[in-house]
Structure formats: structure tokens, C-alpha cells
1. Using a probe of 1.4 angstrom, how much of the accessible area of segment 619-753 is carbon and sulfur, in percent?
2. What does the charge add up to near ILE177, with Lys and Arg as +1, Asp and Glu as -1, over the other residues with Cβ less than 12 Å from its Cβ?
3. Listed here are the pairs LYS228/LYS325; LYS633/LYS749; LYS535/LYS566; LYS121/LYS174; which of them are more than 21 Å apart at the Cα?
4. How much length would be gained if the chain were fully extended between LEU367 and TRP689, taking 0.36 nm per residue of separation minus their Cα-Cα distance, in nm to one decimal?
5. Return the equivalent ellipsoid semi-axes of the chain as a descending list in whole Å, where each equals the square root of 5 times an eigenvalue of the C-alpha gyration tensor.
6. Would you mind checking the pairs LYS51/LYS255; LYS470/LYS755; LYS465/LYS723; LYS377/LYS483; LYS399/LYS465 and listing those with alpha carbons more than 20 angstrom apart?
7. Ignoring ligands, DNA and RNA, what accessible area per residue does the chain give at 1.4 Å, in Å²?
8. Nearest 20 debye, what's the magnitude of the dipole of segment 345-500 about its Cα centre given +1 on Lys and Arg Cβ and -1 on Asp and Glu Cβ?
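The values are calculated or read from the model by the stated rules, or taken from the named source; none is laboratory data. These figures come from a predicted structure and were not determined experimentally. Note that we place each Cβ from the backbone using ideal geometry, even for glycine, and neighbour counts take in every protein chain shown. Areas reflect the complete protein model, heavy atoms only, side chains present, ligands, DNA and RNA absent. Shrake-Rupley method; radii C 1.70, N 1.55, O 1.52, S 1.80 Å.
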Amino acid sequence: MGCFTSSKPQNFEIGNKTFLLDGKPFLIKAAEMHYTRIPAEYWEHRIRMCKSLGMNTICLYVFWNIHEQRPGEFDFEGQNDIAAFCRLAQKHGMYIMLRPGPYVCAEWEMGGLPWWLLKKKDIRLRTNNAYFLERTKLFMNEIGKQLADMQVSRGGNIIMVQVENEYGGYAVDKEYITNIRDLVKEAGFTDVPLFQCDWSSTFQLNGLNDLLWTINFGTGANIDAQFKALREARPETPLMCSEFWSGWFDHWGRKHETRDAETMVSGIRDMLDRNISFSLYMTHGGTTFGHWGGANCPPYSAMCSSYDYDAPISEAGWATPKYYKLRELLMQYADSGQVIPDVPQANPLIEISAIRFEETAPLFKNLPKAQKTETVKPMEDFEQGWGTILYRTTLPEVKEGTVLLIDEVHDWAQVYIDGQLLGYLDRRRGESSLMLPQLEAGTQLDILVEAMGRVNFDYAIHDRKGITEKVELLTENSRKELKGWQVYSFPTDAAFASRKDFQKGDRTEGPAYYRASFELEETGDVFLDMKTWGKGMVWVNGKAIGRFWKIGPQQTLYMPGCWLKKGKNEIVVLDLLGPDSAVIVGLKQPILDMLRLEEPLTHRNEGEVLNLNGEVPVTVGEMGVPNGWQEVKFNRPVSGRYFCLEALDAQDGKDNASIAELYLLGSDGRTLSRQNWQVVYADSESTDWGNFTADKVYDLQESTYWSTAYGVAYPHSLVIDLKEECTISGFRYLPRAEENAPGAIKTYKIYIKDKPFIK
Ligand code: GLA
Ligand code: CA
């Protein structure tokens, strides 16, 4: 196994239960990192960090939407020079696993797909839709031009190429996967093994015979259980965990995520002992700069800018305690001939004493040219991809008690009546309406909508921004659509943000751009403390740095030193809420775990107790023994809008109840959509050190779960509002993925009715 990348052509192939490099067994120890999330100036540093950790490969996605921001205009320069990134890896003797999508997920805006695909009203992304395939083909060919000659067979370092991404979590359509496979081949990736990655529960749904199958799962998962089905399906295949999640990503308004270092290392040890290849997702998460963060749904929930991920290499490229623990292990399991260099030094750090903002440009006094439209349309229809959009119209006479209904706000809106703020609407909380006061005809209505990240997972990736359908006035007996709009676009490019009519002063009302300059004697990495600011975005020296939102948990923005200058630097902030004080201090440490919420994370109101006395259960039963999915069918279907699960005891006899995922089955036995579900009640939810609230049972992620708090005894119960009356014939339930599934429920009762069980 001594042979590391040279420009001498090599042969990488699939052998019997092992990968073969030039005919010799090869275990892939891959570090996932994303070139887009690391300043190009720091690529080499991060690659060296992975090498010094004991990895032999870098695994990366290709992000279509950063390379083709306008249809047909491809950009592979500078920060987008993916071939240069791969060559740097090769320079340091690292192989590449390439994951060109077209869809990549990755907590990245729209899972990597370009927003302009959504201009086609009838587009069905990630299907055989002709336009989708046509654009995918053009993109894939460009990637081929950049990288096909870097396959190991041609003297490069690419050893494997992925086809699509976790498609089993999206649909069942082998024909589509076949098409994508063919596009990848036609782009020139013909010489190295192609693979699919999926979850253990879904890999067979779209598995093609001629592709390698790999499995994704996270820290803590029971390794043997994860590979059980694959071992049975393909006894001879080399095993690989193509994404072993080192940590997890952060959402605005939720606890900062961490995963235990010991547990992560022991999972990797288990794989090494079993000769299982792995890619550690993320080994270095980095930063989702600018507007590039994605969102999950349901419930809609946008990602923070930091993609630190609690990974072994921190957001700023530092070796963490997790790094050293893993390094120790990987040293013990080094390949023969593998050199593991000393750990590179971290980049220099600086502090910045207060940057004071003395110029402001109120957004409403800096309106760009208006576009007119009779009915409201989403942002994409105005050729705008990202940012903020203002919809303005005049109201007819409005009687007291009239409701303004906005269908739908994507994603966060401020509503103004004649320039006065009336209220906010937040998609995360399913908000769509405001009560209007009595108003004269001719009153100006302004709806300022900020687009947060486009959803990067599941069908909700069809996520148009701004206002997606219509705006109506609703009274008890009338419904009227508002028409005759003027629309103003505020894109996110740095040039747009800084080209404003800035006026002296550090204070102004409402949404505004703020500008300052600051002098530096030395440059270095620094964390911009945004604690006194509201909600918005930051640009420094023409680079988009990221989003901030006072609710946290992220309170600082990583500012790479390579984008700062000795002497004068310029910073622009767009704050849609307005700051408490227009000052930024540069810190030497990030603040990623300071949540400042106005409403609780949990779903049980103070003093509220669920009383099921007198309720008649639909069914009473006992679950099977974990791990894995279980399905329960009722004797006969039952209708109702509210679903209540009462758990009476656990498989292990302890206090805790946990559920990773829960689906309800409709009258046809198929799973019901969970898009609009809302938790009404959960008796206990653990939020001490992570996100274990009850909405985790329908967030589509098998590795996230609802967990009751430590020391709270059974029975445990959960009530979900399905938001419409449904006929339910049973349910599917997934316990936690860890060995023996901690918190797995034993005896349960199910109740279904048309009232919410609690007052
Ligand atoms: C999945 C996806 C990745 C990423 C992780 C979670 O495995 O394939 O792109 O979204 O989940 O971080
Ligand atoms: Ca979940």
C-alpha cells in the first residue's frame, strides 16, 4: 500500500471485499472538505491538515450553482478552480473522491442546484424532466473538461466518482440514476469506479448493478447494523461508509450541535478493524460564505454561516482535541509507507478593536428601479437569485378585523403600513398572516421579504423565494387578492451593497446598509462579533462573509485573514432589523453556541399536562427489538387530525424514550406527507446539550431524534397536528441508530382524533 499519488498512471478498481490500487489492497481514509467553504488561499493548509491527520484521500462535492451562476456562463477561476484544488491534493500525495452531483445536499443553497432552474414553472428537479437532464448534461461535461484527465488512470489522483447523492431519500427511479450515470461517463469519467451513496435503509431502492454501493451514517451508529443489509446483498463488495458524520450542522435558532470525540473515534476504529473504508464528513467543515447556506424542511429551518460541524479541523483550520484523538488512532492504522507529517501551524490571529460605523444608507431611501407586476410573483421571475425583495402596492379601504394573508413567505418578512412596521412573518414558525387595523383606501403596503437559504433536502428543494403564490385580504365573508405591485430587488453582490447613498451617522430607523473602514497594521484570521446586530449580511473588501441573526447560536463570523489588507479595509453590513449599537469587535475565538431566543425550543407550555383518561386508544401494542425500521398496521383505518403516541415503557427498562423518525400510513398503506406537521405537545424534550426536540421525528434525518430529558420517567407522550384530517392505517417507526437503540419504546398506545388532546 506504499504507493501514493504520482503523475504515473495508476489503476484503481474494485476487488474482492477490498479496493485495489495497482493490484494491491487499498483502504480509503478520506477527509471530506469543500473548496467553496475554504478561501482558496488556505486550500493547501487544509489539505496538509488532513494529511497530517493520517488521511490518504480528500472527498469533495462539486457545487453546480457556484460554477454556473447564470445559464451557460461557467466559472472555474480562482476560488472556483476545482482542478487547482485537486492538483494541490495530489501535490501532497492525497487521492480524490469526486462527487459531482448534480445534486449534493451538503447544507448548501438548493443542494447545489442553480436557482434559475426554478424559472421553469413545471420543472421537476432530480427527475428525467427534459430540461433538468439537458442542463445537467451541459454542467457535467464542463466538469469533465476540468477533471476527467485527473483520473488516476491518466496520471491524476481521482480514484472514484459518485453518481447523484442519497437518491433513495428522494425518490425511486432507476431510470433517472441510469441517466445520471451515463452523463457522468459521457463527461469522461470512464476509467475509475462509479459509486452511489445512500442510507442503509434506502440503498437498494435505486441501486444499479454496475455501480458500487456505499452507506452514510453518523457518529454513534452501530457499524454492523449499518452494513448488515449490504453484506447480505453483495457479500463480495468492498465496504465503505461514504459519509461518516463527525458532527452536525447548525440551524438559526437551534442549539449548537456537537458529537462526542471518543464516540467518533471508536466508530472509525470499528471500521478500520473491519477493513471498511470511510470518508469523514466533515473533516473540515469551514464556512458557508455569503448567501450559500441551505435549509432543511419540515419545518423550514435555514443554516448558519459557520459550517464548523464540530469537525476535527475547526472552521478556522485549527487542530481540535477531536483531531488529536483521531490522529492518534490513524497513526496506529497507518498504511505501510504512509508518511504522516507533523501538524501544520494554525494561521496567525489578530484582534480588532471596535470598528465603528459612521455611515448608513436606509434601504427604503435607496430603492433600486422598480419592476411592475399585476399579481405577486416569486423572486426568480424578476431575475433575482438571492437576497431581499420588496413588494409594494396600495390597499383598498380595509375594515377592522381584516387579515392580510401571504401565501407563502419565503422566508422572513417585515410588513409595513404607510412606512410603519406592522409585524414580522417567519416561515420557520409557519407564519403567514397578520391582522390589519382599519385603513383608508390608498394606504401603502410594503412587504419586505428576505430569502434565507433554499431548501437542500427532499422535494422542498423546489423552493422559490420572495412571495410564492399570492397576497390576499380576508374578512369573515370575503377574500380579495391584492394586485398592481411594484417590486424592488436587493441582490447580495458586494458591489450592489456598497453602491448606496451613504449618509453620515451611525443610527437610522429600520432596514439599512451600514459602512465603515478600518485600518490594520497586521492581517490575520479574526472573528467578527455580531452580537449587537439584528439580522442580515456582511461584506468585507468586496467579499461576502456571511449571514448573522441575533437569535444565534452563531454570534461571530469567521473573517479569513487572507481577505484583509494592511492599511485600509472596507466593511458593509446590511441589517434588516437594525443594530443596538453599530460597532463590530474582532475576536480571537468564535462564538458558535449562544442561543438568544424569545420563544422556547420545546413544545410543552408551562404546567401543561396531557390527560388521556377516558380516551380510547386506536391500538395498543409492543414494538419489536431495535435497530431498524418497524411498521405497525391498525386493524382498521382511523380518521383524525391529531395523532398521539403514548409510550408506556422502554425496551431497556430505563426512563428514556427516543424516536428518530415517524411516518403515518394513509388508507393506501403509503406514507403521508409530513410537510405541514407541527408538534402540539411532548411531555419532555432534552435540549441541555443538543437538539432533541420532538420535531426531530419528522425532519427526514434518520440520525436526528426526539429524546426525553434525563431522569424523566415513563409514560412519555407526543401529540402531532397533521394540519388536515387524514385517514391513517398504521405507522412506521425508526428508533435511534446506536447499538441497542437507546430509548427504543416497548409498549405503546396510539390515539387519533379531531381535537388536539390538550386545551
Ligand atoms: C447527507 C448528505 C450530505 C450532508 C449530510 C449532513 O449525508 O449526503 O450532503 O447533507 O447528510 O450533513
Ligand atoms: Ca429525525
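1. 42
2. That sum, taken over residues with Cβ under 12 Å, equals -4.
3. On the way: LYS228/LYS325 28 Å; LYS633/LYS749 13 Å; LYS535/LYS566 29 Å; LYS121/LYS174 25 Å.
Too far apart for the 21 Å limit: LYS228/LYS325; LYS535/LYS566; LYS121/LYS174.
4. 111.6 nm
5. 40, 36, 25
6. LYS51/LYS255; LYS470/LYS755; LYS465/LYS723; LYS399/LYS465
7. Details: 28550 Å² over 759 residues.
Normalised by residue count, the accessible surface of the chain is 38 Å².
8. 300
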